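So the structure is just underneath, and the comments pick up after that.
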Amino acid sequence: MPAPSDYRPTGAPGLYETSDFYNNIFAELWGPVSPAGGRPGRADLRRFRERLGVNFIHCYDWAPPMGQRDASAEDRRLLEHVGFLQACHELGMTATIPISNYTLNLLSQGKTEAARRHVECIVEEIHGQNDARAPVPGAGMWKIFNEYELNFDRNAEHVVTVMGWIADWEKAHGVIDENRLPVVVSTSFALKDGIEGAWALKDVRDALLRRDQIGPYDPASFWRERILFATNPQNPGRDIRDYVAHRLPAYWQQHGIPIPPTMFTELGSSIEQAGGETRQAQWLAEQIEASKPGGGDGSMLGACVFLNEERPWEQGAERSFGLLRFGPDRNWARPSQNYRAETRYPVWDPRGWWWPKDAAYPVEQQAEKPAYRAVATAWVG
């Protein structure tokens, strides 16, 4: 979540109406890809790839893109994510395409048509860039909500509904099998039914199997061919190791469920939970060691670290998660000097059109925490 330091999650109309910073309004936070390009920028993506060995970006909020032809017949497009995904691709990384909890909220309120339009607009951006309907390079997988079981009405049926919309769009537009992305459901590590996290995916599977069809698939085939399981453990490494090797495969076997590929989407701890910054780094290193690809029964894909930066706008424990914090940095030193990037964001007119409003956001250096160096040691060596 590459937010500027002055971001505040108010949800009020304006530059920071959402926490989607992966679009072309905020390109100077995560770009440019090439340091020789002459443009300023914090170059987060290049830093993560070169200094940390990252090959996958786990995204959270993702707004539908907006486009409109102006009076001079020029297309004005904002909230576009193709540049972000192409930057990932050029650096050898892929990213999740999240259907965010905003859509979950719409479904919880019964606003089904608005939710569907939201989802289909995002699918169109990913698959509508070429006649073959291949996904934009850099697009790795769909992610449907984040910890749905803790948010709004906590209904697994909503997860399956969105799966169906994606599959229906693919079928209607002739997306061939090799161009269809995997679908990940990311759960909390809450305990229920004797297992952390996996029970919430089982609820999704139960809802899935009650459907007659998911696009061109029968439900069992959709589970087998498309579904990945992700969960968010912040437990010590020794507990994660036991989960991967014993508890999780035993749960799937107990219920006769084909074991899905598995990943962790939020490793880490707060400074308070770990007992200091040095211990936070050690905690994370031990978690990564327990989460290597191929672990357990072979279904383990790997793990993501939560989070790229500390978030001074947060309250409570999540404030001190993160590998970087805003402050002077001599190792990466991008940008060379802090500055404010000029940009535009869309403002809707009541008459049914939008206009781009001028704005600016800070682009600032970020200093390494001990946890950053722990990740570099684990993933780069």
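The values are calculated or read from the model by the stated rules, or taken from the named source; none is laboratory data. Remember, it's a predicted structure, so these values are computed and weren't measured experimentally. Using ideal geometry, Cβ is built from the backbone for each residue, glycine included, and neighbour counts are taken over all protein chains shown. Each accessible area value is taken on the protein alone, full model and side chains, heavy atoms only, with ligands, DNA and RNA left out. Shrake-Rupley method; radii C 1.70, N 1.55, O 1.52, S 1.80 Å.
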Quick tally, 1.4 Å probe accessible area for HIS89, HIS158, sorted with the most first, runs HIS89, HIS158
Among the aspartates and glutamates, which fall within straight-line cross-link reach of LYS357, defined as a Cα-Cα distance under 12 Å, with same-chain neighbours fewer than 8 residues apart omitted?
GLU342, ASP349
Using a ≥ b ≥ c from the Cα gyration tensor of the range 1-140 (square roots of the eigenvalues), is it rounded, prolate or oblate, where a/c under 1.5 gives rounded and otherwise the larger of a/b and b/c decides, a/b for prolate?
rounded
Restricting the calculation to Cα positions, tell me the Rg (one decimal) and the Dmax (whole number) of the range 331-381 in Å.
18.8, 57
Keeping all protein chains in the complex and leaving out DNA, RNA and ligands, what accessible area do you get for GLU364 with a 1.4 Å probe, in Å² to the nearest 10?
40
Taking square-rooted eigenvalues a ≥ b ≥ c of the alpha carbon gyration tensor, is the range 84-138 rounded, prolate or oblate, where a/c under 1.5 means rounded and, failing that, a/b exceeding b/c means prolate?
oblate
Could you pull the Cα extents of the range 257-381 along its three principal axes, largest to smallest, in whole Å?
57, 44, 29
Could you tell me what fraction of 2.2 N^0.38 Å the Cα radius of gyration of the range 153-300 comes to, as a two-decimal ratio?
1.16
Linear extension gain, GLU50 paired with ALA114, 0.36 nm per residue minus alpha-carbon span
19.0 nm
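Let me know the charge dipole size of the range 190-303 about its Cα centre in debye, to the nearest 20, where only the beta-carbon of Lys, Arg (+1) and Asp, Glu (-1) is charged.
Numbers: 12 positive and 15 negative charges, 48 e Å.
In total the dipole reaches around 240 debye.
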Using alpha carbons only: equivalent-ellipsoid semi-axes of the range 287-352, gyration tensor based, whole Å
35, 22, 15
Tell me which DSSP H helices of the chain clear both cut-offs, 15 Å or more of axial length from alpha-carbon atoms and a mean Kyte-Doolittle hydropathy of at least -1.0.
112-127, 156-172, 198-209
Mind ranking THR187, THR10 by accessible surface for me, highest first, 1.4 Å probe?
THR10, THR187
What is the set of long-range amide H partners of VAL347 at a cut-off below 5 Å, with H atoms built 1.01 Å from backbone N?
TRP355, LYS357
How much length, in nm to one decimal, is gained on full extension between ASP242 and ALA132, taken as 0.36 nm per residue of separation minus their Cα-Cα distance?
35.2 nm
Flagged links, alpha-carbon separation over 23 Å, of LYS143/LYS202; LYS143/LYS171; LYS111/LYS202
LYS111/LYS202
With a 1.4 Å probe and every protein chain kept in, tell me what percent of the accessible surface of the range 1-151 is carbon plus sulfur.
47
Sequence-distant lysines (8 or more away, or on other chains) whose Cα lies within less than 27 Å of LYS369:
LYS292
Dimensionless Rg over Rh [the range 114-185; C-alpha; Kirkwood]:
0.98
Overall Cα dimensions of the chain, principal axis frame, Å, largest first
60, 51, 35
